[in-house]
Number of protein chains: 2
Amino acid sequence: MTSPRTITVLGSTGSIGTQTVDILSRHGERYVVNFLTCNTRVDDLAEQVRRIRPRGVAIREEWAWKRFRELCPDFTGPVLLGEEGLCEAAAHADNDVVMSAMVGFSGVVPTMAAIRAGHVIGLANKETLVSAGDIMTAAARAYGATLIAVDSEHSAILQCMVGERRADIETFIITASGGPFRSYDMESLHGVTAAQALRHPNWSMGAKITIDSATLMNKGFEVIEARWLFDLPSSRIDVVVHPQSIIHSMVQFIDGSVKAQMGIPTMLVPIQYALTYPAREPLDIPRMDLASIGALTFESADRERFPCLQLAYDVLDEGGSAACIANAANEVAVAAFLDGRIGFMDIPACISTTLHHMERLAHPSLDDIVATDAAARRYATEHCSRLQHR
Amino acid sequence: MTSPRTITVLGSTGSIGTQTVDILSRHGERYVVNFLTCNTRVDDLAEQVRRIRPRGVAIREEWAWKRFRELCPDFTGPVLLGEEGLCEAAAHADNDVVMSAMVGFSGVVPTMAAIRAGHVIGLANKETLVSAGDIMTAAARAYGATLIAVDSEHSAILQCMVGERRADIETFIITASGGPFRSYDMESLHGVTAAQALRHPNWSMGAKITIDSATLMNKGFEVIEARWLFDLPSSRIDVVVHPQSIIHSMVQFIDGSVKAQMGIPTMLVPIQYALTYPAREPLDIPRMDLASIGALTFESADRERFPCLQLAYDVLDEGGSAACIANAANEVAVAAFLDGRIGFMDIPACISTTLHHMERLAHPSLDDIVATDAAARRYATEHCSRLQHR
């Protein structure tokens, strides 16, 4: 690139956020760091501020905001507070790319602020598109914002699509590692623990997404996300289990040709690609060596043993607020599972029950989505509590 | 596409030619068939003329040209004769795409005629680029011609390159089936027969290219071809053995990302892609099903057991007329092997010996290449004859 790009990272202390900061710190000459933001992890934020010297920061919680002042008394840039502060950082006029790396539904409002500012947005926050896909993509069109997926799967699809005509695309084939319980039968799945689920075979990720990977809910969300990002119906989005996670996803074209994007499993590639798209920049990571890897294997994705995947297709086909309900219920259920309060197969059960009991809106506004999310969380929390006290 | 494309097929009765005619006949509304040409197979040509009604034909041998007149007395279009006739068809002003599908070195002169006419050329004739790569590509630049590879490997590379910046390309990874003798030790390789070599595991091809596939000479030629088509040095072109032939080749980028083009093994995809590039058109072939395939495997390409591959890198690095000599010697040696006159490991030995004895030109003209080709054939023929009478 000819001139450095100005980057803001929403959620810089999370899993994707820290890797984004890693890329920014490795290649300081290519990037200007505008804002870093976090909810509460100000110790990590302070360390990042010392390392890559952003122009400003934004912190959601007031106690954390006060603590940052104590940690970095010499920081002279703006220190913004609350969701308003996050939104101001997201919408800042200097941003070339906003990396939206906040976990869960909390990322929706700041991401929308970046969309309304017409920015290029690296979207690592999949809940944004899962819960409010049509709203976000319609807003992106209206405000001239560009949404670039940072999931390895959607980055793979985007990389396979460059230079191709939209009309020539037939299907997406999203790969799934299958998680640690890929070969478990139904009975064994009922007994697995959070500790087992957190041992993801290929990717080192946050706890929430690791559990979503074990249930295949993560893959289901990626199907929903792909539908919104690339405007392809669910019937043309397939999932195939590929335990080595070397092929990150594929695009099949109308002539039967398939393009795949591959590489060693690392989020650094999709993160950097979002920052440099449609160009690339050098990245010093180990290269894929297929002769050493030896074999890439593939299996069908089983929607019976992994009902979260089927639920994702169901809520996508239903539309409206259904996916938002599923996402909220899933977030609550995964937290309960990580706490040891409910079992592994209670996660899809909690989503199903919450979907069954919640009222649906066919054409929700963003406020409706926020309200639906909160209501679904309340219902799912009560449901998990009932399960716990059984 | 909005309007039909006008296509001429040089070598329409060969393996790639008949498959090109198959695509043209399946999708008559998309294409106008300008000329079909052949060297001698006029019975096949007459059948093609009846089936897809080209505007004209060109036939290299005079006896065959006379026979065509007998076979198709009612054909009212031009029936051109000799290399001049082939060149006239290749350079015809109406051509949108010229499919250069002639086997061996005989395709060089007609292909050059198409280049000088500034056409888009589907290049299935790899000897053209192997023997005279710098001359052909320099001519293509000078006359504004576009060379599109029709090998599945180079088509894969081209498909992976669309939409990417040249500067972002790091390496090409060309896949090789490894041929039927992939796992043979050196001793066994000495004893293999033409009948064994002709049993190619994945592709149904002509006899010459099937032997080249078994020796890995074909793969070596593809390395040379890739160097000229895409202007990447040999040090950045790797070969990996992939027995299933599902991944047709890969491009690795400077950020460590790799793009692969995949699909069931069929030449119909790269042939049609050359006709429709950079767009695609529907093609009714079976879709790749990775869950059914189960595993894609990879091994290093062994340049000791398959010395033809090393020879290809050597002549590419030497430059000048060396690759032309290797190609000519290989064509002679393969013919002798198919006739049962020499052994399998005599093929690389014949190429080495011919290279060792022939004078080299650092900057050959096309006439020099034609003369070098003829001289190398004479030497290699004598060499094979000596081997035969040992």
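The values are calculated or read from the model by the stated rules, or taken from the named source; none is laboratory data. As the structure is a computational prediction, the values presented were derived from the model and not from experiment. Here the Cβ is made from the backbone with ideal geometry for all residues, glycine too, and neighbour counts use every protein chain on show. When the accessible area is computed, the model is the full protein with side chains, heavy atoms only, and any ligands, DNA or RNA have been set aside. Shrake-Rupley method; radii C 1.70, N 1.55, O 1.52, S 1.80 Å.
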Task: Scope region A:264-285; condition at the interface with chain B (Cβ under 9 Å from one of its Cβ atoms) and under 22 Å from residue B:158 (Cβ atoms); matching residues - done: A:273, A:278, A:279, A:280
TODO: Considering only region A:64-80, state which residues are of a type outside the set (Phe, Trp, Tyr) and closer than 14 Å to residue A:40 by Cβ.
DONE: A:64, A:66, A:67, A:71
Task: Candidates B:155, B:131, filtered to the one that is touching a helix residue (DSSP H, G or I) at 6+ places or on another chain (Cβ under 6 Å), among the polar types (S, T, N, Q) and at pLDDT 95 or above - done: B:155
TODO: Mind telling me which of the residues A:55, A:50, A:41 ends up being within 18 Å of residue A:97 (Cα to Cα), modelled with pLDDT of 95 or more and among the basic types (Lys, Arg)?
DONE: A:55
Task: Considering residues of region B:171-186 that are of a type in the set (Phe, Trp, Tyr) and either outside the structural domain of residue B:250 (by TED's automatic domain parsing) or not in a strand (DSSP E or B) (or both) only, the residue nearest to residue B:216 (Cα to Cα) - done: B:181
Task: Test: residue in region A:182-197 that is open to solvent by less than 30 Å² (accessible area, probe 1.4 Å) and not hydrophobic (A, V, I, L, M, F, W, C) - done: no
- [ ] Taking residue A:317 as the residue in question, decide whether it is among the acidic types (Asp, Glu), farther than 21 Å from residue A:109 by Cβ and outside any loop (DSSP other than H, G, I, E, B).
- [x] yes
Task: Yes/no for residue A:300 being touching an Asp or Glu at 6+ places or on another chain (Cβ under 6 Å) and either surrounded by fewer than 17 Cβ atoms within 10 Å (Cβ to Cβ) or within 22 Å of residue A:219 (Cα to Cα) (or both) - done: no
Open item on the list: For region B:222-263: of the residues being more than 14 Å from chain A (Cβ to nearest Cβ) and in a loop (DSSP other than H, G, I, E, B), which is most open to solvent (accessible area, probe 1.4 Å)?
Closed with: B:231
Task: Test: residue B:167 is modelled with pLDDT of 95 or more, in a helix (DSSP H, G or I), not acidic (Asp, Glu) and not assigned by TED's automatic domain parsing to the domain that holds residue B:245 - done: no
Task: Residue tally, condition open to solvent by 30 Å² or more (accessible area, probe 1.4 Å) and either within 20 Å of residue A:135 (Cα to Cα) or within 24 Å of the chain's Cα centre (by Cα) (or both), over region A:376-390 - done: 4
Task: Close pairs (7 angstrom Cβ cut-off, 6 or more residues apart or separate chains): of a type in the set (D, E, K, R) in region B:31-56, surrounded by fewer than 17 Cβ atoms within 10 Å (Cβ to Cβ) anywhere - done: B:43/B:71; B:51/B:25; B:55/B:77
- [ ] Select from region A:153-174 the residues that are open to solvent by 10 Å² or more (accessible area, probe 1.4 Å), within 12 Å of chain B (Cβ to nearest Cβ) and on the phi < 0 side of the Ramachandran plot and list them in ascending order.
- [x] A:158, A:161, A:162, A:164, A:165, A:166, A:167, A:170, A:171, A:173
Task: Identity of the residue in region B:345-375, within 22 Å of the chain's Cα centre (by Cα) and part of a loop (DSSP other than H, G, I, E, B), that ends up surrounded by the most Cβ atoms within 10 Å (Cβ to Cβ) - done: B:364
Open item on the list: Quick check on region B:145-152. Is at least one of its residues within 30 Å of residue B:93 (Cα to Cα), within 14 Å of chain A (Cβ to nearest Cβ), in contact with a Gly (Cβ under 9 Å, 6 or more places away or on another chain) and in a helix (DSSP H, G or I)?
Closed with: yes
Task: region A:128-152, subset in contact with a Ser or Thr (Cβ under 8 Å, 6 or more places away or on another chain) and open to solvent by 30 Å² or more (accessible area, probe 1.4 Å), residue nearest to residue A:219 (Cα to Cα) - done: A:147
Open item on the list: With the condition being open to solvent by less than 60 Å² (accessible area, probe 1.4 Å), of a type in the set (Val, Ile, Thr) and assigned by TED's automatic domain parsing to the domain that holds residue B:34, I'd like the helices (runs of 4 or more DSSP H) fully within region B:49-127 carrying at least 1 qualifying residues.
Closed with: B:108-116
Task: Unmet criterion (only one of (1) open to solvent by 50 Å² or more (accessible area, probe 1.4 Å); (2) touching a Pro at 6+ places or on another chain (Cβ under 8 Å)) for residue A:215 - done: (1)
Open item on the list: Condition first: open to solvent by 10 Å² or more (accessible area, probe 1.4 Å), touching a residue at least 60 places away in the same chain (Cβ under 8 Å) and in a helix (DSSP H, G or I). Now tell me which residues in region B:1-30 satisfy that.
Closed with: B:15, B:16, B:19, B:22, B:26, B:30
Open item on the list: Could you tell me how many of the residues in region B:328-344 are more than 15 Å from residue B:210 (Cα to Cα) and crowded, with 19+ Cβ neighbours inside 10 Å?
Closed with: 3
Open item on the list: What pairs come out if I take residues in region B:287-306 that are within 9 Å of another protein chain (Cβ to nearest Cβ) and pair them with residues that are open to solvent by 70 Å² or more (accessible area, probe 1.4 Å) whose C-beta lies under 6 Å away, six or more apart or interchain?
Closed with: B:291/A:300
